[in-house]
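Colleague: Just dropping this structure here.
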Amino acid sequence: MTADSPAILEVSGLGFSFGPKRALDDVSLDLGAGEFKVLLGPNGAGKTTLFSLITRLHESTEGEIRIEGAELRRDPGRALARMGVVFQQPTLDLDLTVQQNLLYHAALHGLGRAESLARIETELGRLGMAERARERVRRLNGGHRRRVEIARALLHRPGLLLLDEPTVGLDVPTRQTIVAHVHRLAREDGVAVLWATHLIDEVAADDSVAVLHEGRRRAQGSLSQVLAETGAADIGAAFAALTQAGPAGQAPVGDTT
Amino acid sequence: MNGRHYARCFAGIATREALRFVQQRERFIAALVRPLVWLVVFAAGFRSVLGVAILPPYDTYITYDVYIVPGLVGMIQLFNGMQSSLSMVYDREMGSMRTLLVSPLPRWFLLVCKLLAGTLVSILQVYAFLAVAWMFDIRMAPLGYLVLLPVLVATGLMLGSLGMLLSSVIKQLENFAGIMNFVIFPMFFLSSALYPLWKMQETSLLLYRVCAVNPFTHAIEAIRFALYGQFNGAAVLLVLLTLGILLALAIYGYDPARGMMSRKGGGD
């Protein structure tokens, strides 16, 4: 991220508890236009909780979340309008066609029918799915369903795209296609992307990285920064170092905020 | 976010409910067959046992199958309300609920749209049932079918809100049976759906009182009077009051600050 690019997503001092269990503690993140940030963390690190808070499925009173300057608690409509989400679990209606699913989403965002259809064609076309528009989702395989969900998340032209473990359960070629497509969205369209995963091989050389472990952010910065600060040779070693150490007394590294 | 956005959003939600309804043919058939079995089998059997005295809105002796039609209309809406809202509890539905909840319009509006859309579907089911009942010679005056419409909107919303409220507080639902046992059956049997309340009073004063406070009784009475072109003000008022309370609680149940999603597998 360059210093002068405006922040698309700003998370500061975010904390959240499920009853007595501390799920997130003092998490800060920021994301600029065109930035592809990989949110790395083992299962249970708090990635999904963080996503639930950013998407306002639940609300925290600790800390602040801003999307293109709109504070989520005070101005949820404006913040949510600028956000596209691909959830971990599939969220398509299996009995409806691809196009019906996408039209539904476009209507929720207030798009008219003609415009929606045009955008649906564009977004599906970019993923090689245009000819599948009239098929029922039930007939699509997992990889194609994921592509439809990515197309859906882009229909209202969000500035911020959130993806929670989007490649889980997909074969290698499909994973590569999706990873490449979303990278292109960041590079060419300037979409800010937050990509949560526990798969370190999805980190590309020019991505930025944030590491989450046991509800705390352990590192944030460009890949090279995180490597330098952990003294690790590659992201795998850095990830291991950041997530295998005990929870107590470890200072977060790589803070660029 | 102007008025047009709200209108498009509602149209989108209603279209989706309608498409799902059309494409899940089994659901429609089940929704139609269930009350018909009651009407054709149960009511036919009881017809000879149970006479129903003259009581408003009826101005003559009626047969039992005529008596239970409003109760069966209520049953259609009760099932539909539970089914469409409680399906949100299931994971996949939870998923589609998420796409709804992360869209930009205010959450109360999204929930009301969903309820209205579900109610419209239940109204289609009701009129399909009444059309079949017509073929079994259970016929109302044309005015009755017309007056029924606004009442069905109110009763449908009330029962839909109940389902939505349940879906916001129930953590997990193994299957539909739990709701059958603990919500649908008590509501249906402890109401004026199958027998007039005075008949219940002869048997047990306690049961009579339970029936009399059951909001479903008032929904059915509102439907019963409407079918005869009459307006039961007290019943409609109670339905609207219950609707207001249930809806407010359901919207509270889906308040993100309460984090109800978290208890239902939304977390890690």
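Colleague: Would you mention how many residues in region B:122-149 are part of a helix (DSSP H, G or I) and either acidic (Asp, Glu) or surrounded by 13 or more Cβ atoms within 10 Å (Cβ to Cβ) (or both)?
Modeller: Total meeting the criteria: 16.
Colleague: (1) at the interface with chain B (Cβ under 9 Å from one of its Cβ atoms); (2) within 16 Å of the chain's Cα centre (by Cα); (3) not in a loop (DSSP other than H, G, I, E, B): which one isn't true of residue A:31, the others all being true?
Modeller: (1)
Colleague: Ok, one more. Which condition does residue B:55 not pass, out of (1) among the aliphatic types (A, V, I, L, M); (2) modelled with pLDDT under 80; (3) buried (at least 22 other Cβ atoms within 10 Å of the Cβ), if it passes all the others?
Modeller: (3)
Colleague: Can you confirm whether residue A:23 is in the same structural domain as residue A:219 (by TED's automatic domain parsing), in contact (Cβ under 8 Å) with a residue 40 or more places away in the chain, touching a His at 6+ places or on another chain (Cβ under 7 Å) and within 14 Å of residue A:217 (Cβ to Cβ)?
Modeller: no
Colleague: Moving on to the next point. Can you tell me which of A:98, A:148, A:137 is surrounded by 15 or more Cβ atoms within 10 Å (Cβ to Cβ) and within 18 Å of the chain's Cα centre (by Cα)?
Modeller: Answer to the selection: A:148.
Colleague: Touching a helix residue (DSSP H, G or I) at 6+ places or on another chain (Cβ under 9 Å), outside any strand (DSSP E or B) and either within 22 Å of residue A:199 (Cα to Cα) or not assigned by TED's automatic domain parsing to the domain that holds residue A:197 (or both): is that true of residue A:45 in this structure?
Modeller: Against the criterion (touching a helix residue (DSSP H, G or I) at 6+ places or on another chain (Cβ under 9 Å), outside any strand (DSSP E or B) and either within 22 Å of residue A:199 (Cα to Cα) or not assigned by TED's automatic domain parsing to the domain that holds residue A:197 (or both)), residue A:45 qualifies.
Colleague: Do the conditions hold for residue B:118, that is, is it among the small types (Gly, Ala, Ser) and within 27 Å of residue B:57 (Cβ to Cβ)?
Modeller: No: the conditions fail for residue B:118.
Colleague: Of all residues in region A:104-143, count the ones that are more than 8 Å from every other protein chain (Cβ to nearest Cβ), touching a residue at least 24 places away in the same chain (Cβ under 8 Å) and not basic (Lys, Arg).
Modeller: Of the residues in region A:104-143, 12 are more than 8 Å from every other protein chain (Cβ to nearest Cβ), touching a residue at least 24 places away in the same chain (Cβ under 8 Å) and not basic (Lys, Arg).
Colleague: Hey, could you check region B:91-111 for residues that are within 21 Å of the chain's Cα centre (by Cα) and more than 18 Å from residue B:20 (Cα to Cα) and say which is nearest to the other protein chains (Cβ to nearest Cβ)?
Modeller: B:109
Colleague: Next question, about the same structure. Out of everything in region A:93-103 that is at the interface with chain B (Cβ under 8 Å from one of its Cβ atoms) and modelled with pLDDT of 95 or more, what residue ends up being nearest to residue B:101 (Cα to Cα)?
Modeller: A:103
Colleague: Consider residue A:73 against the criteria (1) within 21 Å of residue B:258 (Cβ to Cβ); (2) within 11 Å of chain B (Cβ to nearest Cβ); (3) buried (at least 18 other Cβ atoms within 10 Å of the Cβ): it satisfies all of them except one. Which criterion is unmet?
Modeller: Against the list (1) within 21 Å of residue B:258 (Cβ to Cβ); (2) within 11 Å of chain B (Cβ to nearest Cβ); (3) buried (at least 18 other Cβ atoms within 10 Å of the Cβ), residue A:73 comes up short only on (3).
Colleague: Go through (1) within 10 Å of chain B (Cβ to nearest Cβ); (2) surrounded by 17 or more Cβ atoms within 10 Å (Cβ to Cβ); (3) modelled with pLDDT under 95 for residue A:19 and report which single condition fails.
Modeller: With respect to (1) within 10 Å of chain B (Cβ to nearest Cβ); (2) surrounded by 17 or more Cβ atoms within 10 Å (Cβ to Cβ); (3) modelled with pLDDT under 95, residue A:19 is out only on (2).
Colleague: Residues of region A:40-59 being within 16 Å of residue B:256 (Cα to Cα) and touching a Ser or Thr at 6+ places or on another chain (Cβ under 9 Å), which ones?
Modeller: The answer is A:49, A:52, A:53, A:57, A:58.
Colleague: Would you be able to tell me the number of residues in region A:76-92 that are at the interface with chain B (Cβ under 7 Å from one of its Cβ atoms) and more than 17 Å from residue A:163 (Cα to Cα)?
Modeller: 1
Colleague: Let me ask something else about it. When you scan region A:50-63, do you find a residue that is more than 8 Å from chain B (Cβ to nearest Cβ), part of a strand (DSSP E or B), under 19 Å from the mean Cα position of the chain (by Cα) and acidic (Asp, Glu), even just one?
Modeller: No, region A:50-63 contains no residue that is more than 8 Å from chain B (Cβ to nearest Cβ), part of a strand (DSSP E or B), under 19 Å from the mean Cα position of the chain (by Cα) and acidic (Asp, Glu).
Colleague: Separate question: Out of curiosity, is residue A:167 away from chain B (no Cβ under 11 Å), buried (at least 19 other Cβ atoms within 10 Å of the Cβ) and not in a helix (DSSP H, G or I)?
Modeller: yes
Colleague: I need the full set of residues from region A:104-132 which are buried (at least 18 other Cβ atoms within 10 Å of the Cβ) and part of a loop (DSSP other than H, G, I, E, B), in order please.
Modeller: A:109, A:110, A:111, A:127, A:129
Colleague: For region B:172-218, give me every one of the helices (runs of 4 or more DSSP H) that falls completely inside it and has 3 or more residues that are at pLDDT below 90.
Modeller: Once the helices (runs of 4 or more DSSP H) in region B:172-218 are filtered for at least 3 residues that are at pLDDT below 90, what remains is B:197-203.
The values are calculated or read from the model by the stated rules, or taken from the named source; none is laboratory data. Please read all numbers here as calculations on a predicted model, not as lab measurements. Please note: Cβ atoms are built from the backbone with ideal geometry, for glycine as well, and neighbour counts cover all protein chains shown.
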